[in-house]
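Here it is, the structure in full.
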Amino acid sequence: MESFALHSLSATTTFSTSLYTRNSLLHRSPGPISITKSSSTAHSLSTIRSSTQKPLLFSPFHNKNKIFTSKSRILALDQESKDSPLSKSPEKPIPSLKGAKLIPLLISVSIGLIVRFAVPKPIEVTPQAWQLLSIFLSTIAGLVLSPLPVGAWAFLGLTTSVLTRTLDFSTAFSAFTSEVIWLIVISFFFARGFVKTGLGDRIATYFVKWLGKSTLGLSYGLTLSEALIAPAMPSTTARAGGIFLPIIKSLSLSAGSKPGDTSSKKLGSYLIQSQFQCSSSSSALFLTAAAQNLLCLKLAEELGVIISSPWVSWFKAASLPALFSILATPLILYKLYPPETKDTPDAPAVAAKKLETMGPVTRNEWIMVGTMVLAVSLWVFGDALGIPSVVAAMIGLSILLLLGVLDWDDCLIEKSAWDTLVWFAVLVGMAGQLTNLGVVTWMSSCVAKVLQSVSLSWPAAFGILQASYFLIHYLFASQTGHVGALYSAFLAMHLAAGVPGLLAALALAYNTNLFGAITHYSSGQAAVYYGAGYVDLPDVFKMGFTMALINAIIWGVTGTFWWKFLGLY
């Protein structure tokens, strides 16, 4: 439930690598255990072998009547040992420098200083607001350039805002109590529960068994299983690394499709591309399918766009275009990026064998099913019952902890969750204060005047702003970071141009999911899938841009009629 390029890549790779150690889809009987010698062990054994070739003092292998009493012989042996290259201790490595990377640090800080002291302050903006904007821009630049890990850099930005008295302490830290941010944090724990219990793996394996006789059917099985899991597992990265990539790798290897090899085109490349592109629409289908969705609605609320029954409203508006995209994408890629292997007759049998090996559904899996059904039900009907979404998530997590499905150590070691808490809170807090101080309103009014000067209607302004919001993501390596930096500003521009608020808020949020598949760094799942080694980098950019255009047509055409029918405009 993912600074941005380097952080997303490193954090996602560490997380996904730890998940891949679980059983793969092709479960085989364990073979004989082999012990691999480490380099130090080999060194020791080599030394012992070389030393046993010579008589040793008190050695049981030499003539016991022959006793070494010669001092010169002992000294000679000692000197020989010292001169041996094996006995010389290796040179100590030069310790790497810790702390911030100098060039990214200088660039990030310079951006803020230039805005603060070199750019004239507009009359409409107060000195406090202008100073906060400079700190915010410096923070965003640092999140992109990564002079420090994302959480550390965000904390420095927060410290600067307090140190310069731009914000007082309570205001600076106010976002740490945000319900939406804590809902995002808890979503990481739910994702860990799906992986730890093996429930997600079991669901995906059933779909492979039912639909996996052909490569296209296999792709549909994986895609539909992700759409089923998505509302209860609010992390696209966790779904990719913990469930679907291990299954895709196992199926591909069994078909002779190896990463980083010409054989990757047989099966693995297509399955990776299909799952990667479909994951964007799966994340857009449900409010709780991705962390950035919740953040979008929180920021929209701060600008006065309040969505009643958010879970249901989100799903109704997204359902037709998202489902159309999910069903069309595997077939489109099958034509544009075809696999060499068209049939996979062994996949259902392999899946059935895997399910047999997994055994019946375990107690913890049943608890996970019941808990997530309860949580999703409360998310759907929470408004009518008076139960906020974050409280529903807290109830679900409490059940998992009480019944032992998760323990507190599982929560503590989920570093991504706690890191997200820090930098999300910083970005949301700064963005909220920029709104309160009038900076966002000033920026949106400037854009609105430009659009009005060229006599653009609100539908035309809507299209230009949505396209701009999408294409800017080529400069970002995190969907949530993009939202924190630009969502409020672009929503304010939509409102100033006369675009209906509900339509603008939801369309920007759906767009946030769709641009997660345009590059190998555009999202957490992008790094996971590209890191598998099945897709070449030029193909990532080529198919990412192609599918972006296709999705724009799908969502634009179906959304125009569907959203009109729902009364969004």
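The values are calculated or read from the model by the stated rules, or taken from the named source; none is laboratory data. In this text the structure is predicted, and so the values were computed from the model without any measurement. Every residue, glycine as well, gets a Cβ built from its backbone with ideal geometry; the counts of neighbours run over all protein chains shown. Just the protein is used for accessible areas: all its heavy atoms, side chains included, with ligands, DNA and RNA removed. Shrake-Rupley method; radii C 1.70, N 1.55, O 1.52, S 1.80 Å.
When all protein chains stay in place, what accessible area (Å², nearest 10, 1.4 Å probe) is found for residue 209?
Approximately 80 Å² for this residue.
Let me ask something additional. What number comes out for accessible area per residue over the stretch 169-228 if the probe is 1.4 Å? Units Å², please.
Per-residue accessible area for the stretch 169-228 comes out at 34 Å².
What does the charge count near residue 189 come to, summing +1 for each Lys or Arg and -1 for each Asp or Glu among other residues with Cβ under 13 Å from its Cβ?
-1
Find the Cα radius of gyration of the stretch 373-467, compare it with 2.2 N^0.38 Å by division, and give the number to two decimals. Before the final figure, lay out each step's value.
Working: Rg = 21.2 Å, N = 95, 2.2 N^0.38 = 12.4 Å.
For the stretch 373-467, the normalised Cα radius of gyration is 1.71.
Also, quick follow-up: Ranked by accessible surface with a 1.4 Å probe, highest first, in what order do 239, 363 come?
In descending accessible area the options line up as 363, 239.
Taking a probe of 1.4 Å, how large is the accessible area per residue of the stretch 248-407, in Å²?
40
Which three extents, in whole angstrom, do the alpha-carbon atoms of the stretch 155-312 cover along their principal axes, largest first?
If we take the Cα atoms of the stretch 155-312, the spans are 62, 37, 28 Å.
Got a sec to turn the phi values of the stretch 377-389 into Karplus ³J(HN,Hα) couplings, 6.51 cos²θ - 1.76 cosθ + 1.60 with θ = phi - 60°, whole Hz, x for Gly and Pro?
Ordered by residue, 3J(HN,Hα) equals 4, 5, 5, 6, 10, x, 4, 5, 8, x, 10, x, 4 Hz.
Related question: Write down the radius of gyration of the stretch 422-496 and its Dmax, each obtained from C-alpha positions, in Å.
In order Rg, Dmax, the Cα atoms of the stretch 422-496 give 13.2, 43 Å.
Any number yet on Rg/Rh for the stretch 455-569, C-alpha, Kirkwood?
1.01
Over the stretch 417-569, with every protein chain in place, what whole percent of the accessible area is carbon and sulfur at 1.4 Å, could you tell me? Don't jump to the answer; show the numbers that get you there.
Details: 3770 of 5250 Å².
Carbon-and-sulfur percentage of accessible area, whole number: 72.
Return one quarter of the surface area of the convex hull spanned by the alpha-carbon atoms of the stretch 242-307, equal to its mean projected area, in nm².
Answer in nm², one decimal: 5.6.
On to the next question. To check my understanding: the extent here is largest minus smallest coordinate of the Cα atoms along each principal axis. What are those three numbers for the stretch 317-475, in Å, largest first?
Between the extreme Cα coordinates on each principal axis of the stretch 317-475 lie 67, 48, 34 Å.
Going by Cα centres, the stretch 207-243 and the stretch 484-520 are how many Å apart?
A separation of 27 Å, based on Cα centres.
Given that compact globular proteins tend to follow 2.2 N^0.38 Å, what is the ratio of the alpha-carbon Rg of the stretch 426-465 to that value?
Working: Rg = 12.9 Å, N = 40, 2.2 N^0.38 = 8.9 Å.
That works out to 1.44 for the stretch 426-465.
Could you tell me which of the pairs 298/335; 98/196; 249/564; 266/354; 98/249 are separated by over 31 angstrom between their Cα atoms in the structure shown? Please report the intermediate quantities before stating the final value.
Working: 298/335 40 Å; 98/196 34 Å; 249/564 42 Å; 266/354 23 Å; 98/249 36 Å.
Distance filter (> 31 Å) returns 298/335; 98/196; 249/564; 98/249.
I'd like the carbon and sulfur percentage of the solvent accessible area for the stretch 95-176, probe radius 1.4 Å, heavy atoms only, ligands and nucleic acids excluded.
74
In addition: Quick one: if the Förster radius is 56 Å, what FRET efficiency do residue 352 and residue 124 give, using the C-beta to C-beta distance and rounding to 0.05?
Result of the calculation: an efficiency of 0.25.
In addition: Taking every alpha carbon pair in the stretch 287-343, what does the distance histogram look like in 5 angstrom bins from 0, in percent?
Each 5 Å bin holds this share of Cα pairs: 4, 15, 18, 17, 12, 10, 9, 8, 4, 3, 1.
Would you mind computing, in nm to one decimal, how far apart the modelled labels at residue 560 and residue 308 are, each placed 7 Å from Cα along Cα→Cβ?
My value for the distance between the label points is 3.0 nm.
Please give the per residue volume of the convex hull enclosing the alpha carbon atoms of the stretch 489-536, rounded to a whole number of Å³. Walk me through the numbers on the way to the answer.
On the way: hull volume 3.5 nm³, N = 48.
Spread over its residues, the Cα hull of the stretch 489-536 gives 73 Å³ apiece.
Roughly how many Å² is the accessible area per residue of the stretch 434-553, as a whole number, for a 1.4 Å probe? Present the calculation step by step, with values, prior to reporting the outcome.
Details: 4020 Å² over 120 residues.
I get 34 Å² per residue for the stretch 434-553.
OK, next. For the stretch 258-333, which whole-number percentage of the solvent-accessible area (1.4 Å probe, protein heavy atoms only) is attributable to carbon and sulfur atoms?
Working: 1460 of 2250 Å².
Carbon and sulfur together cover 65 percent of it.
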